[in-house]
Amino acid sequence: MTGPSTASSAATSGPQSAAAPGTEPEPAAEKLLRLLQEGDARHRLIEHEPEGRTDVVSAIRGNSLGQAAKCIVVRVKKTKKTSHYVLAVVPGDTRLDLDRIAELCEARYVSFADQPTAERLTGCATGTIVPFAFDPRLELVVDPGLLRHPEIFFNAAELHQSLALDTEDYVRLAAPRVESIAEAAPAASGD
């Protein structure tokens, strides 16, 4: 891991930058690594077999499920005609509490975003979504349970690469809204 230093322009301007009109957007994996390097974030890149399921990739990486950032895009409808999207991040051993998102956003209705919308807003394929909101249309909300660990783990916008990221550096660079949005996952059945 590299050590922290003074904040760079990437760290102070935040991750929510969009590509200039008429230009090809920077791939999410490149944008993420550039942000971490320019922001002097302490991190490790982990190569592994392609995998996007939180429980399986956590076992491959050797981290606890509680350290895994599970990232979910949610559509929030405040009125019949107005809606926005939330990138909700919870520990891998929990599930997202949609009722809590509705309460926080004062929404009439909350649902999981459809796959094409989630992929368009995050720039990531399903199973590789990173816990950074690079699109200004995404509000980033993170459960504090994930942040209690000194290091968090997540796929690095690729199925074959993950990141181990210092939690303090994550909070500094991602600047998330921190709210309790996770609930206990149901116990696995013996099926």
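The values are calculated or read from the model by the stated rules, or taken from the named source; none is laboratory data. Remember, predicted model here, so these are calculated numbers, not experimental data. Here Cβ is always computed from backbone atoms with ideal geometry, including for glycine, and neighbour counts include all displayed protein chains. Side chains included, ligands, DNA and RNA excluded: accessible areas come from the protein's heavy atoms. Shrake-Rupley method; radii C 1.70, N 1.55, O 1.52, S 1.80 Å.
Restricting the first residue to the stretch 86-108 and requiring it to be in contact (Cβ under 8 Å) with a residue 60 or more places away in the chain and among the β-branched types (Val, Ile, Thr), which pairs with a second residue that is surrounded by fewer than 22 Cβ atoms within 10 Å (Cβ to Cβ) and part of a helix (DSSP H, G or I) meet a Cβ separation below 7 Å and a spacing of at least six or different chains?
Note: no pairs meet the criteria.
Condition check: over 25 Å from Glu151 (Cα atoms), of a type in the set (A, V, I, L, M, F, W, C) and modelled with pLDDT of 95 or more. Does Val56 satisfy that?
No; evaluated as a whole, the condition is false for this residue.
Please find, within the stretch 109-127, the residue that is most open to solvent (accessible area, probe 1.4 Å) out of those that are touching a helix residue (DSSP H, G or I) at 6+ places or on another chain (Cβ under 8 Å) and of a type outside the set (A, V, I, L, M, F, W, C).
Here the answer is Tyr109.
Output the number of the condition that Gly52 fails; it satisfies all remaining conditions of (1) open to solvent by 40 Å² or more (accessible area, probe 1.4 Å); (2) not in a helix (DSSP H, G or I).
Gly52 satisfies every listed condition except (1).
Mind counting the residues in the stretch 25-49 that are over 22 Å from Thr167 (Cβ atoms), open to solvent by 70 Å² or more (accessible area, probe 1.4 Å) and in contact with a helix residue (DSSP H, G or I) (Cβ under 9 Å, 6 or more places away or on another chain)?
2
Being at pLDDT 95 or above, in a strand (DSSP E or B) and of a type in the set (Phe, Trp, Tyr) is the filter here, so list the residues in the stretch 107-153 that pass it.
Phe112, Phe153
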